[in-house]
Structure formats: structure tokens, C-alpha cells
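Colleague: My structure is below; once you've seen it, I'll send some questions.
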Amino acid sequence: LCDESKNPAFEDCTARLFLGLVDGRPAGRIAGIVSRPFLAKRADCGRFGWFDCIREPALASALLDAAESWLVSQGMEEVIGPMGFCDLDTTGLLVEGFDEVPTIAGSYNPPYYAEYLEAAGYEKEIDYVEYRITVPESLPERVTRLAEQIRRRSGIRVFSETDRKLLARKWGAEVFEVLNESYEELFGTTRLSPAQIDFYIKAYLGHVDPAFIKLAADGDRLVGFVIAMPSLSEAFQKARGRLLPFGFIHLLLALKRSRVLDFYLAGIRPEYRNQGIDVLLSYEMGRTALERGMKFAESNHELESNSRIQSMWKLYERRLHKRTRIYRKKLSR
């Protein structure tokens with residue numbers, strides 16, 4: 001993601017990467033980031049991301065100082081993070097849920113990371129929350145009844161495109177157009193460029209089982225979507241993070257055997273909100289989850305203030321089990 005020759009985000013972002021050494025060996029890292037699209041929403045505010053550090057306060061302080069000094073040299077007066085180049089990169093510092101298994105799109109870090117940031121003068125900006133949803137043995141009758149009422153009233157159809165190539169070619173650009181529209185007003189988000197959209201179409205739509213991609217259309221116009229896939233977290237643990245020589249076998253098995261469904265992205269065009277499309281999407285995803293024998297679902301990151309996306313889970317048993325935090329700090333010249 002930090003390779004300028006491969007990540008189209010560098011068309012609109014500038015970054016400086018720092019590596020911390022202890023006794024000549026890598027022991028920490030951090031990236032300072034200036035996102036020009038984000039500056040249009042929040043002037044003179046830079047980012048830091050991909051912060052990792054051994055348990056050594058002096059090293060953490062040095063890494064943060066390096067990123068902050070570079071951001072000051074770029075004219076920044078404030079810094080927030082951890083954040084990446086865009087909202088689809090790793091975001092937030094885990095502050096609750098250290099005993100829970102993270103999703104592959106989620107965050108994990110030792111508890112002392114928060115101590116180091118707060119000692120360096122960082123304060124909470126906003127939190128993301130994650131829910132673990134219990135998949136019922138059968139969909140509640142009230143959910144089925146409500147979904148049918150909304151379908152008749154709205155005329156919206158929810159479906160899966162079974163052909164991966166057709167999914168990417170016909171609907172890929174529209175999926176991320178909906179994403180751009182639905183996320184535009186949320187904290188920290190910026191519109192994805194056409195090059196970034198192509199990048200993420202390949203990253204998401206080329207590898208996910210189409211059955212777990214639900215599309216909502218009004219006629220031929222895409223108005224909402226949700227993307228999920230069987231959890232690969234335990235498979236990556238068994239593979240120790242390596243695909244070769246045999247790690248990929250654990251991943252292939254998990255795609256068929258995992259009983260946890262991870263949600264990744266969801267969006268509804270602003271003019272179609274409050275029409276029950278979230279209920280239709282979650283209902284159809286619930287049907288597929290039951291057919292595949294899923295027992296639980298992971299919501300992944302949701303802004304604590306995003307009541308719209310959280311409404312997707314309101315009809316199901318759930319618990320808030322993880323919390324990640326974005327921090328902010330005023331920079332001094």
C-alpha cells in the first residue's frame with residue numbers, strides 16, 4: 001500500500017515513511033501522510049498511519065516526533081490518526097476488545113500503544129465500534145414480514161450477480177460510486193479517484209464470493225450494496241501469516257468452512273436512505289448466511305455516530321465487542 005508505483009492513492013497523497021531501529025534492528029515504524037482531498041475537508045490537518053512499535057516509550061516518542069516534524073514541514077498545524085491514505089486503509093487504534101479475534105480488515109495492537117499516544121499529547125477525536133451479530137437459526141418472522149413490505153412499497157430489488165467477471169465489469173464502478181456518495185459526509189473520508197476505484201474493484205470484487213455481495217437496484221440503477229466474506233482470521237493464524245508453502249490451504253478451507261461472516265463495505269445513495277433498503281440488504285445477506293451455515297457475523301468498523309449503518313443490526317442479537325480510536329493533536333512549529 002505504501003509503494004508509490006502500485007498504489008494510485010499517491011496521485012493525491014504525499015507520504016514520508018519512518019523506520020525505528022534498536023541495536024541496528026527494525027523495531028518500529030510510522031508514516032506521515034498529507035492527503036490533498038482531505039485538506040479540502042479539514043485544512044492544515046495531516047495524518048499518521050501504520051504505527052507499530054516494540055514496548056519502548058523512547059522509540060515510540062521518536063517515531064511520533066519524526067512524523068509530526070515532517071508534517072509541520074509540509075505546513076500542517078494538526079495531525080490525526082492512525083489513518084491511511086483513504087477510508088479503506090487500516091484505520092484506528094484498538095482500545096477495547098484485546099481478547100477478541102480481529103478481522104483481516106480490522107485493527108489489532110497491544111494496549112500500550114494508546115498509552116504512548118496519550119503520553120505524547122494525543123486526545124480522542126472519534127471512535128469506531130464493531131459488533132458481533134448472532135445469526136439466528138431462522139430469520140425472525142418480523143424481519144421477513146418487514147422486508148416483504150419494504151420490497152412491495154419501494155420496488156427495490158436486491159440480488160447477487162453470480163459471475164465474478166460480470167460483477168466487476170457491470171457493477172464495479174457503480175458500487176464505488178455509491179460508496180463515494182454514501183461515505184462523503186462521514187469523518188475522515190474522501191472520494192476515491194477513478195484509478196483508486198479500479199484498484200479496489202480488483203481488490204474486493206475479484207476475490208469475494210459473489211453470493212456474499214448483495215446489490216440493491218431501482219430499475220437498472222444501483223442504489224445500495226453490502227459486501228461480506230467468510231472470516232479468514234483464524235486461517236491466517238494457522239498459516240502464521242504466510243501463504244507459502246502451505247498457508248494458502250488454510251485460507252481455501254476457511255472460505256468453505258468458516259462459520260463467521262465478516263462484513264467489509266456497505267453503502268446506500270443518500271436520496272434512498274430511510275426507505276428500508278438497509279433492511280432488505282441485511283435480510284438477503286441473512287438468508288445467504290443461513291444457507292452457508294454461518295453462526296456469527298462481524299460488522300467491522302462503524303463510526304460510533306453512524307446510526308444509519310448500525311440500524312442494519314437492530315433486528316438481530318448483537319454485542320459491541322471492539323472499539324478503535326482516532327486521535328488528534330495540535331502541532332507546534
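The values are calculated or read from the model by the stated rules, or taken from the named source; none is laboratory data. In this text the structure is predicted, and so the values were computed from the model without any measurement. A quick note on method: Cβ atoms are made from the backbone with ideal geometry, for glycine too, and the neighbour counts reach across all protein chains shown. With ligands, DNA and RNA removed, areas are computed over all heavy atoms of the protein, side chains included. Shrake-Rupley method; radii C 1.70, N 1.55, O 1.52, S 1.80 Å.
Colleague: Using 19 Å as the cut-off for backbone N distance, which residues of the stretch 134-161 belong to the label zone defined by a point 7 Å from the Cα of HIS321 along Cα→Cβ?
Modeller: 134-138
Colleague: How high is the relative contact order of the stretch 89-186, in percent, counting Cα pairs under 8 Å that sit 6 or more residues apart? Let's see the in-between values first.
Modeller: On the way: 27 pairs, mean separation 15.7, N = 98.
Normalised by residue count, the contact order of the stretch 89-186 is 16 percent.
Colleague: Do you know the Lys pair count in the chain for C-alpha distances under 23 Å, with sequence separation 8 or more or different chains?
Modeller: 25
Colleague: For a label point 7 Å from the Cα of GLU185 along Cα→C-beta, name the residues of the stretch 283-314 whose backbone N is under 13 Å from it.
Modeller: Those under the cut-off are 306-309.
Colleague: OK, next. To the nearest 20 debye, what charge dipole does the stretch 139-287 have about its Cα centre, counting +1 at the Cβ of each Lys and Arg and -1 at the Cβ of each Asp and Glu? Could you put the intermediate results ahead of the total?
Modeller: On the way: 23 positive and 18 negative charges, 122 e Å.
The calculation lands at about 580 debye.
Colleague: Could you compute the FRET efficiency for ASP65 and ALA211, with r as their C-beta to C-beta distance and R0 at 45 Å, rounded to 0.05? Write down the numbers at each step before the final one.
Modeller: Details: r = 48 Å, r/R0 = 1.08.
Efficiency at R0 = 45 Å is approximately 0.40.
Colleague: Another question, then. Grab the Cα-Cα distance for LYS238 and ARG153, subtract it from 0.36 nm times how many residues apart they are, and report the gain in nm with one decimal.
Modeller: Length difference between fully extended and current span is 25.9 nm.
Colleague: If you stretched the chain out fully between THR90 and ASP220, how much longer would it get, using 0.36 nm times the residue separation minus the C-alpha to C-alpha distance? Spell out each step's value before the answer.
Modeller: On the way: separation 130, 0.36 × 130 = 46.80 nm, distance 3.31 nm.
Contour length minus Cα-Cα distance gives 43.5 nm.
Colleague: Hand me the chymotrypsin sites (Phe, Trp or Tyr not before Pro) from the stretch 237-322 located in a DSSP loop with no more than 13 other Cβ atoms within 10 Å, in residue order please.
Modeller: Values: sites: PHE246, PHE248, PHE263, TYR264, TYR272, TYR283, PHE296, TRP313, TYR316; in loops: PHE246, TYR316.
Here the sparse-neighbourhood loop sites are PHE246.
Colleague: Roughly how much of VAL226 is accessible, in Å² to the nearest 10, using a 1.4 Å probe?
Modeller: Here the accessible area works out near 0 Å².
Colleague: Another one. If I fit a long axis through the Cα atoms of helix 277-291 and take the longest principal axis of the Cα atoms of the chain, what angle between them do I get, 0 to 90°, rounded to 10?
Modeller: With rounding to tens, the tilt is 80 degrees.
Colleague: Which order do GLU78, GLU234, GLU125 take when ranked by solvent-accessible area (1.4 Å probe, heavy atoms of all protein chains), largest first? Show your work: numbers first, answer last.
Modeller: On the way: GLU78 20, GLU234 115, GLU125 50 Å².
Largest accessible area first, the list is GLU234, GLU125, GLU78.
Colleague: What relative contact order, as a whole-number percentage, does the chain give when Cα pairs under 8 Å and 6 or more residues apart are counted? Don't skip to the answer; put the middle values down first.
Modeller: Details: 608 pairs, mean separation 83.4, N = 333.
The normalised contact order for the chain reaches 25 percent.
Colleague: With a cap of 12 neighbouring Cβ atoms within 10 Å, and only residues DSSP puts in a loop, list the trypsin sites (Lys or Arg not before Pro) found in the stretch 150-222. All intermediate terms of the calculation are to be shown ahead of the outcome.
Modeller: Details: sites: ARG151, ARG152, ARG153, ARG157, ARG164, LYS165, ARG169, LYS170, ARG191, LYS202, LYS214, ARG221; in loops: ARG191.
When the trypsin sites (Lys or Arg not before Pro) of the stretch 150-222 are filtered for loop state and at most 12 Cβ neighbours within 10 Å, nothing remains.
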